[in-house]
Amino acid sequence: MSCRSDARIYMQRETPCRPLVQLVAVILLTEAKQAAAQKAPIIRNMPILAEYPHDPTAFTQGLVYDSSSDQFFESTGTFGRSTVRLVEVRTGEVLAQRDLDASLFGEGLALWRGRLFQVTWRSKQGFVYAAN
């Protein structure tokens, strides 16, 4: 029997390739661990260019900046206070807001093709909104 990439063949005990695959996996994991242990983190000092007001009670989970309007979409999370909102960058004013059900904890947010995609924590639910 030859070594093939067929997962069904690999999972059978009599496959001669299984010990080889396991050995390669152990070698790669060992090398990855050693490389990670040898590299110190890179620390960079970045200048603060500007500061803008923001709701201090908002537990930001997702943020999408729209440079064309100088606004951002924000997903906030906390049970009972999760929202999706549109915020004016310079003033921090919430221009539009949609509250999630109190049982949901809002998480990440992405903008794609004019739609906002929001996911929730633990409830395995997602929402799609028109961005305009």
To the nearest 0.05, the calculated FRET efficiency linking A35 and F79 through their beta-carbon distance, R0 being 35 Å, is 0.30
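Please find the FRET efficiency linking T57 to S103, where r is the Cβ-Cβ separation and R0 is fixed at 22 Å, and quote it to the nearest 0.05.
Computed FRET efficiency for T57 and S103 comes out at 0.65.
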For S68, tell me the accessible area in Å² from a 1.4 Å probe, rounded to the nearest 10. 110
So if I take the centroid of the Cα atoms in the stretch 103-125 and the same for the stretch 63-78, what is the distance between those two points in Å? 13
Gyration tensor on Cα atoms of the stretch 93-132, a ≥ b ≥ c root eigenvalues, a/c under 1.5 rounded, else prolate if a/b beats b/c, else oblate, says oblate
Cβ-Cβ FRET estimate between I48 and S69, R0 fixed at 22 Å, reported to 0.05: 0.45
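The values are calculated or read from the model by the stated rules, or taken from the named source; none is laboratory data. Bear in mind the structure is a predicted one, so any value in this text is a computation, not a measurement. Please note: Cβ atoms are built from the backbone with ideal geometry, for glycine as well, and neighbour counts cover all protein chains shown. Surface areas here come from the heavy atoms of the whole protein model, side chains and all, with no ligands, DNA or RNA. Shrake-Rupley method; radii C 1.70, N 1.55, O 1.52, S 1.80 Å.
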